[in-house]
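The structure appears below as structure tokens.
The values are calculated or read from the model by the stated rules, or taken from the named source; none is laboratory data. Everything numeric here is computed off the predicted structure, so don't read it as measured data. Cβ atoms come from the backbone with ideal geometry, glycine included; neighbour counts cover every protein chain shown.
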Ligand code: BV8
């Protein structure tokens, strides 16, 4: 049984038409991280943060999974169908739903999900809907304490225990389309490299590239299907 952990970042969704964070037209070139991607920024101006994520939600409605998302879904399907003696876990930093829409099921959204909101009073994570505002009452506890279900800087990513276990047990760790600058995700290759093969798929070497056994450069829609085939 081969155990593969795939870490994906914004680069895997780039060819679907979603912006990355740190490229020449990156999201963080137009907004300050401290204003948008921190609990302090949300506390200062919740409507501004809501506008940012509503902009991403609007964009998500017009894009589709690409060949890289679909190749990973095919690999998971081979495991379910028994044609591959392995198991695949996708740990994504992305908050889009393109892995799900490509057909993947074994996914951990470590930075949360764009199409959910989270109640800071009761912890419920109901689906987001168009007239959801920070003062909209939570459908579970009815308090007006909803926020984007997104992990911001300074907050602990979701499901870290499950991720650490998977990294400890994997035979192969693959990173696709991530710049390797945001922790703890950027540190996963170090944890895996003590016992597993490591591969990086990117357009350019990431910050942690020296830690990878193999580097495959090129657009993910070309390189990932060739690897999965
Ligand atoms: C935490 C929210 C404690 C969702 C995001 C000093 C040193 C080290 C660490 C720290 C430090 N000071 C503070 C920290 C911690 C901090 C951190 O890492 N800061 C960095 C900037 C120094 N991290 C945190 O605060 C995290 N929490 O540490 O808690 C803890 C941890 C564990 C256990 C207990 C306690 C929380 C981090 C989460 C922040 N939230 N976003 C959203 O709005 O989307 S971060 C944001 O960056 C996104 O989530 C994104 O996913 C993430 C990483 O970006 P990438 O996905 O890599 O995207 P990027 O644009 O950067 O790169 C794209 C890549 O794709 C490029 O390499 C490009 O070449 C490539 N590419 C482009 N096109 C293609 C392609 N590749 C292939 N094909 C293509 N077509």
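Some values worked out for this structure:
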| quantity | calculated |
| --- | --- |
| Residue within the stretch 147-166 that is under 30 Å from residue 47 (Cα atoms) and over 16 Å from the mean Cα position of the chain (by Cα) present | yes |
| Conditions (1) more than 7 Å from the ligand (Cβ to nearest atom); (2) not in a helix (DSSP H, G or I): number failed by residue 157 | (1) |
| Residue identified as within 13 Å of the ligand (Cβ to nearest atom) and assigned by TED's automatic domain parsing to the domain that holds residue 100 among 56, 7, 27 | 7 |
| Residues (touching a residue at least 40 places away in the same chain (Cβ under 8 Å) and over 25 Å from residue 38 (Cβ atoms)) located in the stretch 99-118 | 99 |
| Residue 201, sole failed condition from (1) within 8 Å of the ligand (Cβ to nearest atom); (2) surrounded by 14 or more Cβ atoms within 10 Å (Cβ to Cβ); (3) not in a strand (DSSP E or B) | (3) |
| In the stretch 21-60, residue surrounded by the fewest Cβ atoms within 10 Å (Cβ to Cβ) [restricted to those that are outside any helix (DSSP H, G or I) and at pLDDT 90 or above] | 45 |
| Selected residue [part of a strand (DSSP E or B) and more than 14 Å from residue 90 (Cα to Cα)] from 223, 215, 194 | 215 |
| Candidate set: the stretch 75-100, residues that are within 16 Å of the ligand (Cβ to nearest atom) and in a strand (DSSP E or B); chosen: the one nearest to residue 4 (Cα to Cα) | 90 |
| Matching residues, the stretch 133-172, being in contact (Cβ under 8 Å) with a residue 60 or more places away in the chain and either buried (at least 17 other Cβ atoms within 10 Å of the Cβ) or within 19 Å of residue 57 (Cβ to Cβ) (or both) | 133, 134, 147, 148, 150, 152, 163, 166, 167, 170, 172 |
| Number of the condition not met by residue 87 [criteria: (1) under 24 Å from residue 192 (Cβ atoms); (2) surrounded by 21 or more Cβ atoms within 10 Å (Cβ to Cβ)] | (2) |
| Only listed residue being on the phi < 0 side of the Ramachandran plot, modelled with pLDDT of 95 or more and in contact with a strand residue (DSSP E or B) (Cβ under 6 Å, 6 or more places away or on another chain), chosen from 15, 87 | 87 |
